[in-house]
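First comes the structure, then the notes that go with it.
The values are calculated or read from the model by the stated rules, or taken from the named source; none is laboratory data. Just so you know, these numbers come straight off a predicted model, no measurement behind them. Note: ideal-geometry Cβ built from the backbone for every residue, glycine included; neighbour counts use all protein chains shown.
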Amino acid sequence: MKFGSSKSSMSYSSNDAPTDLRSFLGEGTEITGEIKFSEIMRVDANISGTITSDSGSLLIMERGRVKATVQAGIVEISGIVEGTVTAKNSVKIHSTGRVYGDIFTPALIIEHGAVFDGKCHMLDNKHSNAAKDFARVEQKPLTDTKGLKVADAI
């Protein structure tokens, strides 16, 4: 990351992750409406509405407060999020993070001390519209090694 503190706890494991911080919404800023971004956006502000990026990374810092529908490539949360979060690659809730709402992602990381109150829907990486495709995912009953349904074996 080229902008901000080098002590940031945000990290990227994917080679495809954006590397340039292009947007910064600072503390004391309040936004209501629709936000679209590319690359990396850091949020220390209060946001209500929708936040969208095709493949960018959204960093919600400790002072960030988001009450919105979020769609991005990577979402990292150290502040508070209320709403649905959809990430094409991953969602990471840091120890100071609080999420109140559903998460749609192929990878979820929750650090010790974080709060997550909602449902997580683990999806394939190939789903481009993760929230829409979730309705089509077929759930199969769990089976034991003998082929019996787990509920039947109990």
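Here is a yes/no grid of residues against (1) surrounded by fewer than 24 Cβ atoms within 10 Å (Cβ to Cβ); (2) more than 14 Å from GLY49 (Cα to Cα); (3) not polar (S, T, N, Q):
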site: ARG65; (1), (2), (3): yes, no, yes
site: ALA72; (1), (2), (3): no, yes, yes
site: VAL81; (1), (2), (3): no, no, yes
site: ASP102; (1), (2), (3): yes, yes, yes
site: LEU108; (1), (2), (3): yes, yes, yes
site: HIS112; (1), (2), (3): yes, yes, yes
site: ASP117; (1), (2), (3): yes, yes, yes
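Out of (1) among the aliphatic types (A, V, I, L, M); (2) at pLDDT 70 or above; (3) under 17 Å from the mean Cα position of the chain (by Cα), what's the single condition that is false for ALA17?
Condition (2) is where ALA17 drops out.
Being surrounded by 15 or more Cβ atoms within 10 Å (Cβ to Cβ) and out of contact with any Phe, Trp or Tyr (no Cβ under 9 Å at 6 or more places or on another chain) narrows it down to one residue among THR96, THR32, THR86; which is it? It would help to see each step written out before you state the result.
On the way: THR32 fails: surrounded by 15 or more Cβ atoms within 10 Å (Cβ to Cβ); THR86 fails: out of contact with any Phe, Trp or Tyr (no Cβ under 9 Å at 6 or more places or on another chain).
Unique residue meeting the criteria: THR96.
Please enumerate the residues belonging to region 46-97 that are more than 16 Å from GLY33 (Cα to Cα), basic (Lys, Arg) and in contact with a strand residue (DSSP E or B) (Cβ under 7 Å, 6 or more places away or on another chain).
Correct list: LYS88, LYS92.
It is to be established whether one or more residues within region 55-78 are assigned to a strand (DSSP E or B), within 9 Å of the chain's Cα centre (by Cα) and over 25 Å from GLU27 (Cα atoms).
The answer is no; no qualifying residue exists.
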